[in-house]
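Asker: Just dropping this structure here.
The values are calculated or read from the model by the stated rules, or taken from the named source; none is laboratory data. Predicted, not measured: the structure shown is a model, and the values here were computed from it. Cβ coordinates were reconstructed from backbone atoms using ideal geometry, including for glycine residues, and neighbour counts include every protein chain displayed.
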Amino acid sequence: MGGIKIVTDSASDLAPDLAERHDITVVPLTIRFGDEEFLDRRDLTPDEFWSRCATSPVLPETSAPSPGAFQDAFEKASGAGYDGAVCICLSAALSATLQAATAAAQSVADDFPVRVIDSRSITMGQGLMALAAARLSAEGKGIDDVAGLTHELITRTRVFGALDTLDYLKKGGRIGGASAFLGSLLSIKPIIEVRDGVVEAESRQRTRTRSLRYLVDKVRQQGTIEQLSVLSAAAPDVEDLLTMLAEVYPREDTILADVGPIIGAHSGPGTVGVTFLVP
């Protein structure tokens, strides 16, 4: 077969059909509700996750894949005849996923080359990098070119989100610079940004409608962008955001992504967001 296999983890929020279409292997993280444990998107879909969140007495927790899960993905790629793999991971500042992938890459290094890359991003910021890498691989580029493009995209990827609650972010311990929001008036609708791999406070909006318009303005201010994805954590008003964004980016080219259990466990229900690549 030849070529470079693209591997990522389920924090990328790549839909299974989109990953399959681009020949991307997605290694699942684990989600826990109390004593119950599930593999992200294999045992628990985003819809099932949000249904559980609505009724569970405990907030969900997440954990990284084992090195063995990544090693299995790399060995399957090697067995299928790929020349090597580029593995694009959830920000190392937020998870031990990169460490697990690195250990797995080292274990197969004698037989199969793997480049493990810290996306310094989350959700479809990470997912857009994986898609771009997969397209380059499909063009027949080698591991150096594919890894090089991915490294370049790290500084060109933007992720913004409008949260409906800070409870999940605070409980999950991933609040980072967004701690600036704590103690704010309850009416404040926080906007977060993923910056240098961590969650930072970006702005405060007074209403949900203003939050949506603010996200649209962030896209508009960039002028030309290469790709846009809209993120929804079971948000009832995501169609409103899509309609607003159609003013600045073609609706038919926009990727709508469900925020799954891994990111959703920290963002909470109702979150909407945008992620895009700048020139």
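Asker: Within the range 46-75, work out how many residues are within 28 Å of ILE154 (Cα to Cα) and surrounded by 14 or more Cβ atoms within 10 Å (Cβ to Cβ).
Answerer: 15
Asker: Right, something else. At pLDDT 95 or above, crowded, with 21+ Cβ neighbours inside 10 Å, of a type in the set (Asp, Glu) and in a strand (DSSP E or B) - does that describe any residue in the range 28-39?
Answerer: Checked against the condition, which is being at pLDDT 95 or above, crowded, with 21+ Cβ neighbours inside 10 Å, of a type in the set (Asp, Glu) and in a strand (DSSP E or B), the range 28-39 yields no hits at all.
Asker: Let me ask you something else. In the range 191-233, which residues are in a helix (DSSP H, G or I) and of a type in the set (Val, Ile, Thr)?
Answerer: Pass one, the range 191-233, residues in a helix (DSSP H, G or I): 208-221.
Correct list: THR209, VAL216, VAL219.
Asker: Is it fair to say ASP47 is not assigned by TED's automatic domain parsing to the domain that holds VAL146, not aliphatic (A, V, I, L, M) and not in a strand (DSSP E or B)?
Answerer: yes
Asker: Continuing with the same structure: Restricting attention to the range 137-170, which residues are in a helix (DSSP H, G or I), free of Cβ contacts under 8 Å to residues at least 24 places away in the same chain and over 30 Å from THR207 (Cβ atoms)?
Answerer: We begin by selecting, within the range 137-170, every residue in a helix (DSSP H, G or I); these are 137-138, 143-154, 167-170.
From what's left, free of Cβ contacts under 8 Å to residues at least 24 places away in the same chain: 144-145, 148-149, 152, 170.
Residues satisfying the conditions are ASP144, ASP145, GLY148, LEU149, GLU152.
Asker: With LEU90, LEU94 as the choices, which residue is touching a strand residue (DSSP E or B) at 6+ places or on another chain (Cβ under 6 Å), within 22 Å of MET129 (Cβ to Cβ) and either surrounded by 19 or more Cβ atoms within 10 Å (Cβ to Cβ) or without any contact (Cβ under 8 Å) to a residue 24 or more places away in the chain (or both)?
Answerer: Residue meeting the stated conditions: LEU90.
Asker: Looking for something in contact with a strand residue (DSSP E or B) (Cβ under 9 Å, 6 or more places away or on another chain), of a type in the set (D, E, K, R) and crowded, with 17+ Cβ neighbours inside 10 Å - is there at least one such residue anywhere in the range 221-228?
Answerer: Within the range 221-228, the first condition is being in contact with a strand residue (DSSP E or B) (Cβ under 9 Å, 6 or more places away or on another chain), and the residues that meet it are 222, 225-228.
Cutting the leftovers down to of a type in the set (D, E, K, R) gives us 226.
Now restrict to residues that are crowded, with 17+ Cβ neighbours inside 10 Å: none.
Looking for residues that are in contact with a strand residue (DSSP E or B) (Cβ under 9 Å, 6 or more places away or on another chain), of a type in the set (D, E, K, R) and crowded, with 17+ Cβ neighbours inside 10 Å, one finds none in the range 221-228, hence no.
Asker: Somewhere in the range 246-260, is a residue surrounded by 15 or more Cβ atoms within 10 Å (Cβ to Cβ) and in a helix (DSSP H, G or I)?
Answerer: Within the range 246-260 (the criterion being surrounded by 15 or more Cβ atoms within 10 Å (Cβ to Cβ) and in a helix (DSSP H, G or I)), the answer is no, since none of the residues qualifies.
Asker: OK, next. Collect the residues in the range 65-101 that are part of a loop (DSSP other than H, G, I, E, B) and over 16 Å from SER121 (Cβ atoms), keeping them in residue-number order.
Answerer: Quick first cut of the range 65-101, residues part of a loop (DSSP other than H, G, I, E, B) only: 65-66, 80-83, 90-96.
Of everything in the range 65-101, those that are part of a loop (DSSP other than H, G, I, E, B) and over 16 Å from SER121 (Cβ atoms) turn out to be PRO65, SER66, ALA80, GLY81, TYR82, ASP83, ALA96.
Asker: Can you tell me which condition THR25 does not meet? The list is (1) farther than 24 Å from ASP196 by Cα; (2) over 15 Å from the mean Cα position of the chain (by Cα), and all the others hold.
Answerer: (2)
Asker: Another one. Looking at (1) over 15 Å from LEU277 (Cβ atoms); (2) surrounded by fewer than 23 Cβ atoms within 10 Å (Cβ to Cβ); (3) touching a residue at least 24 places away in the same chain (Cβ under 8 Å), which is the only condition GLN106 fails?
Answerer: (3)
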